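Peer 1: Before I ask anything, here is the structure I am working with.
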């Protein structure tokens with residue numbers, strides 16, 4: 001199975017179908033303050049500049065640091081893409097080897113796992129367990145919670161950088177007050193100076209550690225012990241090995257790697273924004289990534305691929321798709337895995353994962369009926385809603401099928417999303433902190449001004 005050829009074919013279809021859509025013009029540095037249209041929930045608000053990633057819904061583009069997602073999936077690896085996102089350029093062979101060595105070393109979080117196993121992991125959700133695990137990594141890998149750790153970083157104010165409602169923003173690029181020392185705290189085994197600058201090392205540790213935690217959570221919830229990672233396996237292969245105890249074959253490894261690349265970054269979404277908001281206060285990277293995990297755990301952000309599997313199992317077979325779809329339309333039921341807030345063209349991630357899910361399904365006879373049902377549902381939905389309403393499959397429609405074909409439990413689908421997205425979260429945090437400005441949006445007060453407070457003796 002030639003995965004690269006499958007991705008190149010998907011790229012050719014994407015270019016052909018969107019060739020008439022206008023190509024965006026290159027942007028320049030933003031002149032702050034700027035004017036934009038903002039909806040509830042900060043919809044449409046422009047909070048910062050970035051060179052990390054770009055999404056164009058009309059063209060169906062997903063770009064990391066200038067490279068389109070099709071080329072990255074066809075010719076790169078998750079490790080190389082993570083380096084690209086964090087450092088801004090592709091690594092040389094020597095740089096990639098050094099990066100891989102660090103990721104391998106930082107997969108050893110045995111002390112964190114021992115702490116995690118003291119908690120009833122099997123009784124809490126996998127996302128809650130993952131956030132707990134990240135906090136335990138923080139406790140083991142930083143000095144932050146030790147007495148005196150913050151003695152040289154006195155707080156500025158309880159409401160620093162606040163903007164009164166009646167005051168227009170001036171567009172300052174940075175907060176007026178800045179700490180002299182770097183933002184993050186050194187890992188305990190690499191430095192004793194509490195002010196050491198080890199931001200990137202902490203990011204590396206999180207990329208490795210979150211994957212190990214995710215695999216361990218699967219095992220613990222199954223009543224099994226975690227499996228130690230192997231130094232001879234890639235990031236994707238190690239994850240599958242640590243979950244199943246079996247070394248995956250080349251196709252499984254390659255498709256898992258492509259899946260991780262596809263989920264690494266995707267604009268200023270809710271979890272990315274959450275992690276950046278926490279980081280902007282000069283909190284540490286572990287709390288910031290924990291905030292991203294917390295946001296991703298909400299059903300409006302993560303978890304749709306789990307629902308896709310449930311729907312396909314509910315439908316049961318291809319010959320029941322049209323009847324199910326007609327009933328769903330009448331009930332105005334949302335069909336998970338279709339439509340996207342940004343994409344008005346076919347989601348490029350779904351273009352890639354669709355045929356790869358089919359390739360895996362050919363290896364797994366239990367997936368045959370489910371895959372045929374999925375393909376029939378896609379055709380039915382696109383024929384009905386594609387041309388008029390621009391509703392096409394999104395990444396969740398096929399990512400769940402990929403995980404299912406890899407024999408991964410559905411409860412771990414969203415933690416896998418987080419384990420990939422940590423590369424994007426950390427990259428955007430590092431970029432934003434170069435010109436940090438604490439996030440401080442405004443709210444429109446619509447309450448009263450002149451309520452009389454009841455005094456003792458007043459009649460009720």
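The values are calculated or read from the model by the stated rules, or taken from the named source; none is laboratory data. The structure displayed is predicted, hence computed values, not measured ones. So basically every Cβ, Gly included, is an ideal-geometry build from the backbone, and we count neighbours across all protein chains shown.
Peer 1: Please work out which residue is surrounded by the most Cβ atoms within 10 Å (Cβ to Cβ), limiting yourself to region 330-351 and to residues that are in contact (Cβ under 8 Å) with a residue 24 or more places away in the chain and closer than 24 Å to residue 369 by Cβ.
Peer 2: The residue in question is 337.
Peer 1: Looking at region 258-273, which of its residues are assigned to a helix (DSSP H, G or I) and surrounded by 22 or more Cβ atoms within 10 Å (Cβ to Cβ)?
Peer 2: 258, 259, 260, 261, 262, 271, 272
Peer 1: Under the condition of being over 15 Å from residue 368 (Cα atoms) and loosely packed, with under 13 Cβ neighbours inside 10 Å, which residue from region 311-323 is farthest from the chain's Cα centre (by Cα)?
Peer 2: 323
Peer 1: How about region 229-239: which of its residues are touching a residue at least 24 places away in the same chain (Cβ under 8 Å) and not in a helix (DSSP H, G or I)?
Peer 2: Scanning region 229-239 gives 229, 231, 234.
Peer 1: Answer yes if at least one residue in region 376-392 is more than 21 Å from residue 294 (Cβ to Cβ) and touching a residue at least 60 places away in the same chain (Cβ under 8 Å), and no otherwise.
Peer 2: yes
Peer 1: Being at positive phi and touching a residue at least 24 places away in the same chain (Cβ under 8 Å) is the filter here; which residues of region 240-279 pass it?
Peer 2: Once the filter is applied, which keeps residues that are at positive phi and touching a residue at least 24 places away in the same chain (Cβ under 8 Å), region 240-279 yields only 267.
Peer 1: Just checking, does region 340-359 include any residue being assigned to a helix (DSSP H, G or I) and farther than 28 Å from residue 207 by Cα?
Peer 2: Of region 340-359, the ones assigned to a helix (DSSP H, G or I) are 348-359.
From what is left, the residues that are farther than 28 Å from residue 207 by Cα are 358.
Yes, because at least one residue in region 340-359 is assigned to a helix (DSSP H, G or I) and farther than 28 Å from residue 207 by Cα.
Peer 1: Look at region 205-248 and say how many of its residues are closer than 21 Å to residue 115 by Cα and crowded, with 20+ Cβ neighbours inside 10 Å. Give the derivation first.
Peer 2: Initially, region 205-248 is screened for residues closer than 21 Å to residue 115 by Cα, giving 205-229, 239, 242-243.
Applying the additional criterion that residues be crowded, with 20+ Cβ neighbours inside 10 Å yields 205-218, 220, 226, 229, 239, 242-243.
Summing the residues that are closer than 21 Å to residue 115 by Cα and crowded, with 20+ Cβ neighbours inside 10 Å in region 205-248 gives 20.
Peer 1: Please work out which one of (1) assigned by TED's automatic domain parsing to the domain that holds residue 107; (2) over 23 Å from the mean Cα position of the chain (by Cα) is the condition residue 430 fails and give its number.
Peer 2: For residue 430, the failing item is (2).
Peer 1: From (1) in contact (Cβ under 8 Å) with a residue 60 or more places away in the chain; (2) in the same structural domain as residue 430 (by TED's automatic domain parsing); (3) crowded, with 20+ Cβ neighbours inside 10 Å, pick out the condition that doesn't hold for residue 52.
Peer 2: (2)
Peer 1: What pairs come out if I take residues in region 133-152 that are assigned to a helix (DSSP H, G or I) and pair them with residues that are at pLDDT below 90 whose C-beta lies under 7 Å away, six or more apart or interchain?
Peer 2: Pairs found: 138/144; 138/284; 139/145; 141/187; 141/188.
Peer 1: Kindly evaluate residue 399 against the criterion of being crowded, with 16+ Cβ neighbours inside 10 Å and more than 21 Å from residue 307 (Cα to Cα).
Peer 2: Against the criterion (crowded, with 16+ Cβ neighbours inside 10 Å and more than 21 Å from residue 307 (Cα to Cα)), residue 399 does not qualify.
Peer 1: Just one of (1) touching a residue at least 24 places away in the same chain (Cβ under 8 Å); (2) surrounded by fewer than 22 Cβ atoms within 10 Å (Cβ to Cβ) trips up residue 290, so point out which.
Peer 2: (2)
Results for (1) farther than 30 Å from residue 222 by Cβ; (2) within 22 Å of the chain's Cα centre (by Cα); (3) assigned to a helix (DSSP H, G or I); (4) without any contact (Cβ under 8 Å) to a residue 40 or more places away in the chain, shown as yes or no for each residue.
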site: 83; (1), (2), (3), (4): yes, yes, yes, yes
site: 98; (1), (2), (3), (4): yes, no, yes, yes
site: 101; (1), (2), (3), (4): yes, no, yes, yes
site: 115; (1), (2), (3), (4): no, no, yes, yes
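Peer 1: Let me ask you something else. Mind telling me which of the residues 148, 133, 60, 66 ends up being crowded, with 17+ Cβ neighbours inside 10 Å and either at pLDDT below 95 or in the same structural domain as residue 17 (by TED's automatic domain parsing) (or both)?
Peer 2: Numbers: 148 fails: crowded, with 17+ Cβ neighbours inside 10 Å; 133 fails: either at pLDDT below 95 or in the same structural domain as residue 17 (by TED's automatic domain parsing) (or both); 66 fails: crowded, with 17+ Cβ neighbours inside 10 Å.
When all the criteria are applied, what remains is 60.
Peer 1: Find the residue count for region 293-302, including only residues that are outside any helix (DSSP H, G or I) and buried (at least 20 other Cβ atoms within 10 Å of the Cβ).
Peer 2: So the answer is 2.
Peer 1: Hey, could you check region 278-287 for residues that are assigned to a helix (DSSP H, G or I) and crowded, with 20+ Cβ neighbours inside 10 Å and say which is farthest from the chain's Cα centre (by Cα)?
Peer 2: 280
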